[in-house]
1. Please go through the stretch A:10-23 and give me each residue that is surrounded by 23 or more Cβ atoms within 10 Å (Cβ to Cβ) and either polar (S, T, N, Q) or farther than 17 Å from B:P140 by Cβ (or both), ordered by number.
2. Please indicate, with yes or no, whether at least one residue in the stretch A:26-34 is within 14 Å of chain B (Cβ to nearest Cβ) and exposed (fewer than 14 other Cβ atoms within 10 Å of the Cβ).
3. Keeping to the stretch B:63-81, report how many residues are away from ligand 1 (no atom under 16 Å from the Cβ) and away from chain A (no Cβ under 13 Å).
4. Just to check your reading of the model, which residue among A:A627, A:A679 is touching a residue at least 12 places away in the same chain (Cβ under 8 Å), crowded, with 24+ Cβ neighbours inside 10 Å and among the aliphatic types (A, V, I, L, M)?
5. Which residues, taken from the stretch B:82-108, are within 16 Å of ligand 1 (Cβ to nearest atom) and more than 7 Å from chain A (Cβ to nearest Cβ)?
6. Could you count how many residues in the stretch A:214-232 are over 13 Å from A:V519 (Cα atoms) and either touching a residue at least 60 places away in the same chain (Cβ under 8 Å) or open to solvent by 20 Å² or more (accessible area, probe 1.4 Å) (or both)?
7. All but one of (1) away from every other protein chain (no Cβ under 14 Å); (2) open to solvent by less than 20 Å² (accessible area, probe 1.4 Å) hold for A:I261; state the number of the condition that does not hold.
8. Residues that are closer than 25 Å to A:G242 by Cβ: which helices (runs of 4 or more DSSP H) entirely in the stretch A:97-184 hold 1 or more of them?
Amino acid sequence: MIDKTWTIGHDTVRVDAWAKVRGEAKYGDDLRLDRPLFLKAVYAEYAHAKLIKIHKEDALKVDGVVGVFDTNDVPKEKMIGELFVDQYVFVDDKTRYFGDVICVVAGESQAIADEASKLIKVDYEPLPVLTDPRTAIGNEQVINKNYKDNVCGDIHAIKGDIEEELNNSDIIVEDKFETDFVEHAYIEPECVVVEPSLMRDELTIYGSLQAPYNLRISVSRMTGIPESQIIIKPSNIGGSFGGKIETAEAMACRAAIVANITKRNVHYKLTREESIRESYKRHPIYFDMKLGADKDGKIKGLKVDSINDAGAYINMSVGVAYKTATLGPGPYKMNALDYDAKAVLTNNSHTGSMRGFGTPQAIFAMENLMDELAEKVNVSPYEIRKRNILHDNDITPCGHKLDFINVSIGECMEKCAKEIDYESKYKEFKEYNKTHKKKKGLGIALAMRGGSIGADGNGFDVSRCLIEIEPDASVHFNIGLVELGQGLRTTQAMMCAEGLGCSLDRVTIGETDTSRSPVTGACIASRGTMLGGGAIKDACDKIHDIIKVALEKVNDEEIDNIIFENEKVTFNGKTISFEEAVKKCYSINMTPMAVGTYQVPKTNWVPYRGGMTGEPFYTYTFSCAMAEVEVDTDTGFTEVIKMVDAVDMGRAINPIMAKGQIYGGMVMGQGMGLTEDLAHNKKDGTLKNLNFDNYILPTFSDVPDENVAILNEHPDGRSAFGGHSLGEPGTETSASAIACAVNMALGKAGCIKTLPYDLDKVYFACRNLEKEGF
Amino acid sequence: MKIDFTLNNKHITLDTEPTKRLVDAIRDDLSLTGTKIGCEVGECGACTVVIDGEAVTSCLVLVGQVQGKNVLTIEGLSELEIGRILQKCFVENGAVQCGFCTPGMLMSAYALLNKNQNPSKEEIKEAMSGNLCRCTGYVPILNSIEKAKDELKTLSKK
Ligand code: FES
Ligand code: FES
């Protein structure tokens, strides 16, 4: 058990819970600004085509249409992008995927804009469409002229001598795996609202905006308005999971351009079909794997070539490749690693950050391979992992010595095994499956997640916040990390109270507002707790220094040591209340207010044998998921009986919300594992399943009520309040655990090689197995 | 056309197109934005309201169809005992994350507990299966409804 403080470690009601259960919390589409213009986009009819001409005349004649806006209305830069600036907000010379926006119609009502948009005709000259990244490499069709071979990123993680290790292995396991597009499927479709100031060239932007400071840069670049006069105030956000960054940003840029030209408020929302059409997805990734082990199944080396489908724009694809290559090998010991991860442009939907960011796919491939290894060694999947997992002071596959953290992966595994009763069920199911048509399976998936962005972001992985103690000792706290539903603002408020040494009741956390909160990196990469915590700690330390100096002056004494804890301030053998200390500070007009800054220290990630090696991240989260399934071999239907997920998030600041991340993550993985399929058309690059009638999310009835979330806490000395990444660990393992469980039920490790394991795929796998006498 | 109905326990007359979707009448004409829109095809349940005791997806109902009926939205839930208990249990048991599904979830849960004060786990899951949630993994919502059920039981025993 980890000790609780007066704030941290207690189940705490989220700051926005009551507004949400009363229906009072406002999301983007709930805003009602004065007489807004409504926008409707016209989408590309071809995934790859030259844009010849837009015929706007008929639309412009419609009563109530105020204008039709396209790339020619963008006054400055025409492209956006967080890391690579390559995404056009309006199609410029050519369309690159079927979610590209040609133009937007602005009307006095949504109905007017919708109707008029249908009257726009566009002339195209179709170009060949690339839909498979494997054949896009080196193709004569080039999507972005800066990347002649269509390869926009290549990350190569290396340790040791892979050829030597493979040559010296007793056992070689080789296989190929693939995953498909996955939709974020936040229940709130994107909506942005822009309000121009009539006092000066200033725009205030509301809505479903996960990355306000990045958006501010883009709008500034497009309009020429300085960043200080672009004010971003994200509304309540109805889920994001990494998904409300570039798409929402492109929308906000379009709306900002219209607002800036018309000086009218603009309301711009997507329907679900538009949202799925336009928004970026989880990357499909293709894996070609080779693993060498000794006769006991101890891994000697792993070689992987992987290709992710970046789609039409680079977006986060290179960062995703980074996480695939560095975290894909899992929490296993090995002498050598050679993991190549390429990102390749195609004319498919672009792909970007989605909870897990390149690891759920890699874990799926790796864990299946581990099961195949177990089969060859003739031990259980549990045993093979036990023989290979990392322990304290071991060196990771990339070459990072883990001498600074509890390597708790073994513990996570044990806790899950106990909860799901692995050992006895494993034997029981093996017997049971011999005589039953409905077959049972257990699956395990392990993960080791790097905290925050990693060495890929060396130097710019920063966060900031502003804390101000008012004269009545209430606290106002602003931070630009956005609440996406995960409970971040409550966690941040708790850390603020903890850091200041006051009660949580004193702390008010303001809504994110770029004019109030100092610039900070986005709420991505599961970095909120660690990065926000670091900035909070820094601000609190500075405020403590201010109060210390004030007390020295007021009391006319020197203070060496001062402790702020649970509403008490102790120094020189005296204890005064927090409130009194603040009052003394104000009594001589000193201001207990500070901006806190935290930067993740640089890590040692260095060139080696044509790739990179060393310390890809500053710290890690270990997790294990186990799943129990039952497969009806007649129909191909898989029922999930139970899932267990143990995550070592360092410290669970607010345990009830920490568990919430795990419960939610498991189910998101269940969808990826079993049902979610966008029906990607390999001929024309379109997606067919654009709404929830065909894109099947897990419902209440599909989810086991026996699911268990285990908090396996070991406070991390590298994080200010001991907590590190949780949001992504909660989701990265469950699809794989389910997949491995299905394969066990089918009696063959690594049996189905592509996600999702939907009805058809499992059905046909069963028919094929029948031929082999199953 | 004038449409007369009861909304959150108050009788109202709304002058609007009878073919307008109920969800639009509620959100736009009546400015009650607690009812959400997630899919517009009856699949997500974010727009759930209660009409004459039944949970209904208001994106599939025309406002003309509620003439003379009793409509309850999230904004009216706090005035009802079952509603208040459900809200409290949702808040205390981690049933709320992004909160976008929450109004619809609460309306479905209300309709269930209003009809059946002692539903089994299976009955709860069945009644709630038209409401999608991408954040919570459903387990905390299920637990919250079970807690609300228990609180209702102790209340009725008193
Ligand atoms: S909006 Fe009505 S069910 Fe989704
Ligand atoms: S809480 Fe976000 S969709 Fe349910």
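The values are calculated or read from the model by the stated rules, or taken from the named source; none is laboratory data. Please read these numbers as outputs of a predicted model, since none were measured by experiment. Quick reminder, even Gly has a Cβ in these numbers, built from the backbone with ideal geometry, and neighbours come from all protein chains shown. Just the protein is used for accessible areas: all its heavy atoms, side chains included, with ligands, DNA and RNA removed. Shrake-Rupley method; radii C 1.70, N 1.55, O 1.52, S 1.80 Å.
1. If the condition is that a residue be surrounded by 23 or more Cβ atoms within 10 Å (Cβ to Cβ) and either polar (S, T, N, Q) or farther than 17 Å from B:P140 by Cβ (or both), then A:G23 is the only one that fits.
2. Quick first cut of the stretch A:26-34, residues within 14 Å of chain B (Cβ to nearest Cβ) only: A:26-34.
From what's left, exposed (fewer than 14 other Cβ atoms within 10 Å of the Cβ): A:34.
Scanning the stretch A:26-34 turns up at least one residue that is within 14 Å of chain B (Cβ to nearest Cβ) and exposed (fewer than 14 other Cβ atoms within 10 Å of the Cβ).
3. The total comes to 6.
4. Details: A:A679 fails: crowded, with 24+ Cβ neighbours inside 10 Å.
That would be A:A627, the only listed residue that is touching a residue at least 12 places away in the same chain (Cβ under 8 Å), crowded, with 24+ Cβ neighbours inside 10 Å and among the aliphatic types (A, V, I, L, M).
5. Listed by number, the residues that qualify are B:G104, B:M105, B:M107, B:S108.
6. Counting residues in the stretch A:214-232 that are over 13 Å from A:V519 (Cα atoms) and either touching a residue at least 60 places away in the same chain (Cβ under 8 Å) or open to solvent by 20 Å² or more (accessible area, probe 1.4 Å) (or both) gives 8.
7. Exception for A:I261: condition (2).
8. A:133-136
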